[in-house]
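Inspection log for the structure reproduced underneath, given as structure tokens.
The values are calculated or read from the model by the stated rules, or taken from the named source; none is laboratory data. What you see is a predicted model, and the numbers here were worked out from it, not measured in a lab. Cβ placement follows ideal geometry from the backbone for every residue including glycine, while neighbour counts extend to all protein chains displayed.
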Ligand code: KG4
Ligand code: ZN
């Protein structure tokens with residue numbers, strides 16, 4: 001099956017054409033335009049601005065994605081319908097509905113968080129890439145979500161834990177602001193850390209909230225407050241900013257990995273699957289790779305971690321959630337499961 005997929009939940013406008021490839025999904029085209037730079041001067045996303053940028057980008061992005069594709073070969077149009085920002089979502093959903101109607105193709109609705117998870121099924125032409133083995137513990141970490149899921153099989157997913165307050169990505173964004181680094185916080189924190197030598201002793205210490213509590217709950221807002229206090233009494237030279245960034249990133253990674261391990265133990269599951277924008281994080285990826293056997297660890301390729309439409313197409317192919325009429329309404333607060 002070949003699908004045109006559209007993604008506009010937040011500040012990325014994306015379109016992709018993907019097709020089934022064995023048990024996985026192959027990407028034919030993948031176009032992403034981001035308005036992150038426009039938001040940088042505000043230190044975070046301004047929803048109204050994001051929606052306006054979506055309107056500007058949606059048609060050029062789709063045109064580029066289907067440039068060399070025959071419309072006849074496309075069997076369905078898929079779109080993320082939530083969670084996300086209402087204005088941004090409306091642009092993608094309404095565009096998808098119009099295309100499905102005029103091309104006379106079925107419409108497939110996709111939960112954006114399911115799409116992040118489905119990024120693990122993208123194999124491209126890499127015949128070495130192993131499709132995730134289920135059951136697995138899903139660690140879904142994005143700007144709005146930090147969820148631990150028990151993924152029993154492709155249909156059955158149960159929420160078993162997650163953050164009480166800030167999502168991991170949101171914590172990165174807030175930490176970056178505290179340290180005077182730009183939005184989005186994850187990539188700029190990662191960049192600040194690059195200059196720190198691996199053998200440098202870090203004088204800064206931050207807490208690992210809830211790490212020893214025997215439950216699958218997490219909390220990142222206290223960590224942000226602790227960073228803020230430490231930053232207030234520190235001379236924020238670029239060296240200190242890098243060291244504080246590293247300590248913050250390490251604290252988040254430690255909590256995420258510890259709670260994932262607890263979930264695996266509690267549910268007797270050997271496999272772990274990572275998803276969401278924070279899945280791009282270098283320290284998190286390295287520590288996961290050194291904590292788990294690679295045959296049990298599934299991590300999307302870097303280019304499919306942040307918001308993109310290839311993952312939406314992958315979820316559409318895996319879940320086939322057809323909408324029989326064109327009444328699809330965006331749902332900004334849709335849950336992961
Ligand atoms: O999944 P995503 O692209 O959008 C949402 O669905 O929210 O996630 C965006 C979040 C942002 O908070 C961003 O700071 C974070 O992912 N992020 C990262 C990295 N790249 C993006 N966090 C840590 N390290 C990164 N390399
Ligand atoms: Zn996302």
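When segment 12-38 is examined, which residues are found to be buried (at least 17 other Cβ atoms within 10 Å of the Cβ), more than 16 Å from residue 121 (Cβ to Cβ) and out of contact with any strand residue (DSSP E or B) (no Cβ under 6 Å at 6 or more places or on another chain)? Those that are buried (at least 17 other Cβ atoms within 10 Å of the Cβ), more than 16 Å from residue 121 (Cβ to Cβ) and out of contact with any strand residue (DSSP E or B) (no Cβ under 6 Å at 6 or more places or on another chain): 35, 36.
Each row is one residue, and each column tells you yes or no for (1) at pLDDT 95 or above; (2) crowded, with 24+ Cβ neighbours inside 10 Å.
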residue	(1), (2)
282	yes, no
305	yes, yes
309	yes, yes
314	yes, yes
320	no, no
325	no, no
332	yes, no
335	no, no
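Once segment 300-310 is narrowed to residues that are assigned to a loop (DSSP other than H, G, I, E, B) and touching a helix residue (DSSP H, G or I) at 6+ places or on another chain (Cβ under 6 Å), the residue that is nearest to ligand 1 (Cβ to nearest atom) is 306.
In segment 239-277, what residues are part of a loop (DSSP other than H, G, I, E, B) and over 21 Å from the mean Cα position of the chain (by Cα)? Result: 268, 269, 270.
When 41, 2 are checked against the criterion of being over 16 Å from the mean Cα position of the chain (by Cα) and surrounded by fewer than 17 Cβ atoms within 10 Å (Cβ to Cβ), 41 stands alone in meeting it.
If the condition is being more than 16 Å from ligand 1 (Cβ to nearest atom) and in contact with a helix residue (DSSP H, G or I) (Cβ under 6 Å, 6 or more places away or on another chain), then segment 104-126 contributes 107, 108, 121. Being under 20 Å from residue 305 (Cβ atoms) and away from ligand 2 (no atom under 16 Å from the Cβ) is a property that holds for residue 125.
With respect to being more than 30 Å from residue 243 (Cα to Cα) and within 15 Å of ligand 2 (Cβ to nearest atom), residue 110 fits the description. Elements of the type strands (runs of 3 or more DSSP E) sitting completely within segment 1-79 and holding at least 2 residues that are away from ligand 2 (no atom under 16 Å from the Cβ), more than 18 Å from residue 100 (Cα to Cα) and modelled with pLDDT of 95 or more: these cover 24-34.
Considering (1) without any contact (Cβ under 8 Å) to a residue 12 or more places away in the chain; (2) over 29 Å from residue 7 (Cα atoms), the lone condition that residue 324 does not fulfil carries the number (2). Condition check for residue 211 on (1) surrounded by fewer than 20 Cβ atoms within 10 Å (Cβ to Cβ); (2) part of a helix (DSSP H, G or I): one failure, at (2). If residue 188 meets every condition in (1) in contact (Cβ under 8 Å) with a residue 40 or more places away in the chain; (2) away from ligand 2 (no atom under 16 Å from the Cβ); (3) within 20 Å of the chain's Cα centre (by Cα); (4) buried (at least 16 other Cβ atoms within 10 Å of the Cβ) apart from one, which number is that one? Unmet for residue 188, out of (1) in contact (Cβ under 8 Å) with a residue 40 or more places away in the chain; (2) away from ligand 2 (no atom under 16 Å from the Cβ); (3) within 20 Å of the chain's Cα centre (by Cα); (4) buried (at least 16 other Cβ atoms within 10 Å of the Cβ): (1). Of the residues making up segment 214-222, at least one is surrounded by 22 or more Cβ atoms within 10 Å (Cβ to Cβ), at pLDDT 95 or above and in contact with a strand residue (DSSP E or B) (Cβ under 8 Å, 6 or more places away or on another chain).
Considering segment 152-172, and only residues there that are surrounded by 23 or more Cβ atoms within 10 Å (Cβ to Cβ) and over 12 Å from the mean Cα position of the chain (by Cα), the residue that is farthest from ligand 1 (Cβ to nearest atom) turns out to be 163.
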